[in-house]
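No value in this document is a laboratory result; all are computed from the given coordinates. The model shown is predicted, which means the values in this text are computed figures rather than measured ones. Cβ: placed from backbone, ideal geometry, glycine included. Neighbour counts: every protein chain shown.
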Amino acid sequence: MNLSASVKSQTARGGLSIPAFSKSGILLIPKPTSDPEDPLNWSSARKIRLLAVLCLAAFTGNVSALSGQLAYPHQAAVYGKTILESSYSVSAAIAGLAAGALIFVPLGQIFGRSSIAFWSLVCSLACAIWSSQMTDKNDYVRFIISRLLSGMFGSVPSAVGGGIILDVFFLHDRGKAFICYEVSILLGAAVGPTFSGFISNSQQWTICFWWTVPLLAISAIAVLLLAEETGYDRQKGTMPVKLPQRYIANRVATFFPGVAVVSKPSAADFVSIAYVDGSPKMPDLLMKP
């Protein structure tokens with residue numbers, strides 16, 4: 001008797017629910033439902049496509065937030081500031097990366113993770129253009145603010161990706177998915193400053209922001225065309241909200257605020273997601289059903 005048959009036999013005798021196994025005999029955690037729209041039941045191609053879009057968005061968000069990181073000595077001359085004061089733009093971007101998830105990610109429980117990832121890329125694009133236009137001596141404060149907001153918006157795709165991976169992949173596949181996702185984030189954090197260093201040494205420092213604009217536009221379009229909402233109610237065995245089947249209507253419902261794509265959580269739901277008896281529930285993350 002193979003392992004899957006043995007486990008099924010033992011659980012049946014114990015009156016427990018029978019676990020699910022893959023065709024190769026791997027125990028499936030979480031247990032998928034019979035619903036074909038359950039993200040766990042999606043085809044491998046559909047899952048990989050979503051992961052690829054997610055990795056691109058996470059990479060681009062970090063590139064945009066950290067671009068121009070080595071251009072502050074040139075900016076000091078423009079704004080009439082010391083190099084130390086000019087470096088505050090870098091501090092602002094990093095602070096934005098740290099704080100953005102705390103502010104924007106909870107909105108994913110209201111508008112959907114894919115939606116806030118898309119709109120954060122659009123806002124990052126706007127911030128990149130804004131930063132590139134801050135070339136007057138009196139634009140110092142506005143430039144610092146633009147970098148702060150760029151960091152905040154750029155952090156969102158990186159922050160929501162973990163939840164999407166948990167929704168779509170079984171436990172035995174999550175390690176590979178998280179490696180791809182985390183490497184994309186790290187590459188973005190390295191590529192942004194590195195490219196800005198080369199650019200600022202030979203070109204106008206504003207190019208450090210302009211080159212990210214087409215990259216952000218491509219990423220936003222990819223998310224708009226290919227990303228999907230992955231929230232699923234495993235207790236009820238159904239999607240929280242039935243999305244339209246027609247492609248255009250589905251895109252509108254998924255990405256444009258004001259159209260429900262997920263069930264609205266209560267304040268108690270937010271607390272229960274993160275804490276149990278006052279203690280963080282992080283060890284449960286990888287075992288999320």
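Here are some notes:
- Here each label is just a point 7 Å from Cα along the line to Cβ, and for Leu102 and Thr135 those points are 3.7 nm apart.
- Computed lengthening from Ala77 to Val183, 0.36 nm per intervening residue step minus Cα-Cα distance: 34.6 nm
- The Cα-based radius of gyration of segment 153-233, divided by its Kirkwood radius, gives an Rg/Rh of 1.07.
- Here each label is just a point 7 Å from Cα along the line to Cβ, and for Arg142 and Arg234 those points are 5.0 nm apart.
- Alpha-carbon Debye profile of segment 41-177, log10 I(q)/I(0) at 0.22 Å⁻¹: -1.19
- Two-decimal Rg/Rh across segment 49-115, once Rg and the Kirkwood Rh are taken from alpha-carbon atoms: 1.13
- Put in line by how crowded their Cβ is, counting other Cβ atoms within 10 Å and starting with the fewest, Arg46, Arg246 read Arg246, Arg46.
- Dimensions of segment 81-158 along the principal axes, based on C-alpha atoms and rounded to the nearest Å, stand at 42, 21, 14, largest first.
- Around the amide H of Thr238, modelled in the peptide plane, lie the amide H atoms of Asp233, all under 5 Å away and 5 or more residues distant in sequence or on another chain.
- Fewest-first ordering of Ser43, Ser200 by other beta carbons within 10 Å of each residue's beta carbon gives Ser43, Ser200.
- Each Cα pair under 8 Å and six or more residues apart adds its separation to the average, and for segment 39-287 the resulting relative contact order is 32 percent.
- Projected over all directions and averaged, the alpha-carbon convex hull of segment 39-287 occupies 14.6 nm².
- Taking each residue as 0.36 nm, the span from Trp210 to Leu28 lengthens on full extension beyond its C-alpha to C-alpha distance by 61.0 nm.
- Dipole magnitude of segment 39-287, debye to nearest 20 (Cβ charges: Lys/Arg +1, Asp/Glu -1, about Cα centre): 480
- Full-stretch length increase - Gln245, Ile94 - with 0.36 nm per residue and alpha-carbon distance subtracted: 50.3 nm
- Between segment 230-257 and segment 77-127, the alpha-carbon center distance in angstrom: 28
- Counting other Cβ atoms within 10 Å as a rough exposure proxy, the listed residues Phe170, Phe111, Phe256 run Phe256, Phe170, Phe111 from fewest neighbours to most.
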